[in-house]
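Notes for the one structure printed next.
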Amino acid sequence: MAETINNAPLNCRLKASDVLQAVIHGCDCERALFFLVDEVRDEQVAFSIEADIEGFRMPLSAGVSGAVIA
């Protein structure tokens, strides 16, 4: 039962945000994001603290992250 990050419980979203904040701080970078796998739609879904990236979708095999997934 795959669930997109937009439908995830608030607690999960808060934990993911905490992890992203730790990555940003630990890597001394400005942004970070997760690519989650939506197995139902065969897509990658971006999760980020930045609102402009949130929910961006692309095919499962696209990009560097798609090569890693495969």
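The values are calculated or read from the model by the stated rules, or taken from the named source; none is laboratory data. Predicted, not measured: the structure shown is a model, and the values here were computed from it. To get the accessible areas, we keep the full protein, side chains included, count just its heavy atoms, and leave off ligands, DNA and RNA. Shrake-Rupley method; radii C 1.70, N 1.55, O 1.52, S 1.80 Å.
I want to confirm something. Restricting to the stretch 53-66 and keeping residues that are outside any strand (DSSP E or B) and open to solvent by 70 Å² or more (accessible area, probe 1.4 Å), which single residue is modelled with the lowest pLDDT? Explain how you work it out, then say what you get.
Keep residues of the stretch 53-66 that are outside any strand (DSSP E or B), which gives 53-56, 60-66.
So of that shortlist, the ones also open to solvent by 70 Å² or more (accessible area, probe 1.4 Å) come out as 56, 61, 64.
On the way: F56: 85, S61: 90, V64: 91.
Going through the qualifying residues, I end up with F56.
Count of the stretch 12-52 residues, restricted to those that are open to solvent by 70 Å² or more (accessible area, probe 1.4 Å) and among the small types (G, A, S), is 1.
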